[in-house]
Amino acid sequence: MKKLILASQSPRRRELLEKCGIPFLCDPADIDESFDHTKPVEEEIRRLAMRKAEAGLIKHPDAVVIGSDTVVVLNGTVLGKPADEKDAEEMLKMLSGNTHQVVTGLCIMSEKKVYTDVSVADVTFAELDEEEIRSYIASKEPMDKAGAYAVQGLGGKFITGISGDYYTIVGLPLNMVYEELKNLSEY
């Protein structure tokens, strides 16, 4: 069986992939993650996931590589990881009381086969007051998360509703990965 590589430094993606019960190694892809805002979100997120998988495949040509990327989209505006605390505050104010989409791109690639897909989930936030936002930012959790929150962490207390795949929001659409990896021998 081929070696499986997760081209991500995300501890959340690593934890999720462990749930599939397939042994793997983590080797983060070092790519330019610039997002082209002139292109459709799903197209761009798929491109970034593919670039991560391609970078992993260059380093591990005999392996099967998983690349994934996630963004938060509110009313057509892409919210990536906050640049600083002020940016995180602005993002959380925008999300407060609104429903947004979390878009995760997935690419599973070997020299023989490429699988790509995109998963979208809707997330509804409660109304947040300034103290809640300040306190959450002080926890430092928002600082390396798309949209400045972690559904599986302290940010989960602000979520009033989810429509779609929870794991898409965390950063790796687990069922998509599992279903595709059941056919790992095809890679």
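The values are calculated or read from the model by the stated rules, or taken from the named source; none is laboratory data. All values reported here derive from a predicted model rather than from experimental measurement. Using ideal geometry, Cβ is built from the backbone for each residue, glycine included, and neighbour counts are taken over all protein chains shown. For the accessible areas, the whole protein counts, side chains as well, though only heavy atoms, and no ligand, DNA or RNA atoms are used. Shrake-Rupley method; radii C 1.70, N 1.55, O 1.52, S 1.80 Å.
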For region 65-79, state whether one or more residues are surrounded by fewer than 22 Cβ atoms within 10 Å (Cβ to Cβ) and of a type in the set (D, E, K, R). no
Condition check: among the aliphatic types (A, V, I, L, M), within 13 Å of the chain's Cα centre (by Cα) and either under 25 Å from residue 15 (Cβ atoms) or assigned to a strand (DSSP E or B) (or both). Does residue 92 satisfy that? no
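Against the definition (more than 20 Å from residue 174 (Cα to Cα) and either loosely packed, with under 13 Cβ neighbours inside 10 Å or small (Gly, Ala, Ser) (or both)), how does residue 110 come out, yes or no?
Judged against the criteria, residue 110 is not a match.
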State whether the residues of region 42-53 include one that is over 16 Å from residue 146 (Cβ atoms) and open to solvent by less than 40 Å² (accessible area, probe 1.4 Å). yes
Pick from region 113-128, criterion out of contact with any helix residue (DSSP H, G or I) (no Cβ under 7 Å at 6 or more places or on another chain) and farther than 28 Å from residue 182 by Cβ, ranking: most open to solvent (accessible area, probe 1.4 Å): 127
Looking at region 18-27, is at least one residue out of contact with any Phe, Trp or Tyr (no Cβ under 6 Å at 6 or more places or on another chain), closer than 22 Å to residue 111 by Cα and of a type in the set (Val, Ile, Thr)? yes
Out of region 81-107, which residues are among the polar types (S, T, N, Q) and open to solvent by less than 10 Å² (accessible area, probe 1.4 Å)? 104
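Restricting attention to region 130-187, which residues are β-branched (Val, Ile, Thr) and out of contact with any helix residue (DSSP H, G or I) (no Cβ under 6 Å at 6 or more places or on another chain)?
We begin by selecting, within region 130-187, every residue β-branched (Val, Ile, Thr); these are 133, 137, 151, 159-160, 162, 168-170, 177.
Result: 159, 160, 162, 168, 169, 177.
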Only one of (1) part of a helix (DSSP H, G or I); (2) open to solvent by less than 40 Å² (accessible area, probe 1.4 Å) fails for residue 14. Which number is that? (2)
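Provide a single number: the residues in region 129-151 that are within 19 Å of the chain's Cα centre (by Cα) and surrounded by 15 or more Cβ atoms within 10 Å (Cβ to Cβ).
Summing the residues that are within 19 Å of the chain's Cα centre (by Cα) and surrounded by 15 or more Cβ atoms within 10 Å (Cβ to Cβ) in region 129-151 gives 10.
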Within region 152-187, can you find the residues that are open to solvent by 20 Å² or more (accessible area, probe 1.4 Å), under 15 Å from residue 118 (Cα atoms) and polar (S, T, N, Q)? 175
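Conditions tested, residue by residue: (1) acidic (Asp, Glu); (2) over 21 Å from residue 167 (Cβ atoms); (3) modelled with pLDDT of 95 or more.
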| position | (1), (2), (3) |
| --- | --- |
| 11 | no, no, no |
| 18 | yes, no, no |
| 27 | yes, yes, yes |
| 37 | no, yes, no |
| 42 | yes, no, yes |
| 45 | no, no, yes |
| 54 | yes, yes, yes |
| 58 | no, yes, yes |
| 97 | no, yes, yes |
Consider region 24-55. How many of its residues are out of contact with any strand residue (DSSP E or B) (no Cβ under 7 Å at 6 or more places or on another chain), without any contact (Cβ under 8 Å) to a residue 40 or more places away in the chain and of a type outside the set (D, E, K, R)? 5
